[in-house]
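Below is one structure; the comments refer to it alone.
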Amino acid sequence: MGRAGAEPVSLDTGLGRIRERVATGTFGTATQVGPHRELDMLGRYAEHVRGFVDVAALRPLRVAVDAANGMAGLVVPPVFDGLPCELVGLYMDLDGTFPNHPASPIELENLRDLQRLGREQSCDIRLAFDGDADRMFCVDGAGRPVSPALVTAVAAERMLARDPGAPVLYNLICSRIVPEPIPRAAG
């Protein structure tokens, strides 16, 4: 949540008052109901994500996915729908209590179940997602974690090959392996 000017909402800037109102049930009454509409954007989002890939160039893959009981359990299946991939899911049911392990794939201990599943199911690649599915970590066919910076660099090169001159946004905490190939690929 954020306030005007992208100011984060914190306990000091409104979150404490929201917590109080929820705890006491004192929400007040809206004086005016604004317009709204409901849209299911999942299909369009999945189509957008598939647009990053040359689907015709994909070979069949067996892909293990650890959704960690987070949003990837909802989002990943439609993204992979129609691709030549067989998904082998782990902890795909949405459960915000994260009963199987924390939804933090940056911690190596949280990759253990995925590594085991990938080995048992002979998966080509293994993907681990965080709780809101905005970060994905790869584990290769041998069960080794792949550097997220390397994945970002390869993705940037591939996308720039299809769209030369496009901007590439990346986190500044990435190693130099990310920004070095971007100018070479006209990004």
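Rule-based calculations on the coordinates, nothing more; no lab input. Everything numeric here is computed off the predicted structure, so don't read it as measured data. Quick reminder, even Gly has a Cβ in these numbers, built from the backbone with ideal geometry, and neighbours come from all protein chains shown.
With R₀ fixed at 45 Å, the C-beta to C-beta distance from Thr26 to Arg62 puts the FRET efficiency at about 0.25. Applying both filters, DSSP loop and at most 11 other Cβ atoms within 10 Å, to the trypsin sites (Lys or Arg not before Pro) of the stretch 80-125 eliminates every site. With loop membership from DSSP and a limit of 13 other Cβ atoms within 10 Å, the longest segment of the chain without GluC sites (Glu not before Pro) is 108-187. Each Cα pair under 8 Å and six or more residues apart adds its sequence gap; the mean of these over the residue count of the chain is a relative contact order of 16 percent. Computed over the alpha-carbon atoms, the chain gives an Rg to Rh ratio of 1.04, Rh here being the Kirkwood radius from the mean inverse distance. Helix 148-162 and the longest principal axis of the Cα set of the chain meet at an angle near 80°.
Hey, could you get me the Stokes-Einstein D for the stretch 101-161, Kirkwood radius over alpha-carbon pairs, 4 °C and 1.567 mPa s, rounded to whole µm² s⁻¹? Estimated diffusion coefficient is 107 µm²/s. From helices alone, the chain scores -8500 deg cm²/dmol at 222 nm; the rule is -39500 (n - 2.57) for each run of n ≥ 4 DSSP H residues, then divide by the residue total. On the basis of the beta-carbon distance and an R0 of 22 Å, Asn100 and Val146 show a calculated FRET efficiency of 0.50. Between Ile173 and Val49, what is the spin-label point distance in nm, taking each point 7 Å from the Cα along the Cα→C-beta axis? Modelled inter-label distance: 2.2 nm. A straight chain from Arg158 to Asp124 at 0.36 nm per residue would run longer than the Cα-Cα distance by 10.2 nm. In this rough spin-label picture, where each label sits 7 Å from Cα along the Cβ direction, the Ser10-Glu109 distance is 3.0 nm. The stretch 126-159 and the stretch 36-71 have Cα centres spaced 15 Å apart.
Note on the stretch 58-123: Kirkwood hydrodynamic radius from all Cα pairs is 12.3 Å, rounded to one decimal. Of the trypsin sites (Lys or Arg not before Pro) found in the stretch 9-67, those that fall in a DSSP loop while having at most 14 other beta-carbon atoms within 10 Å are Arg37.
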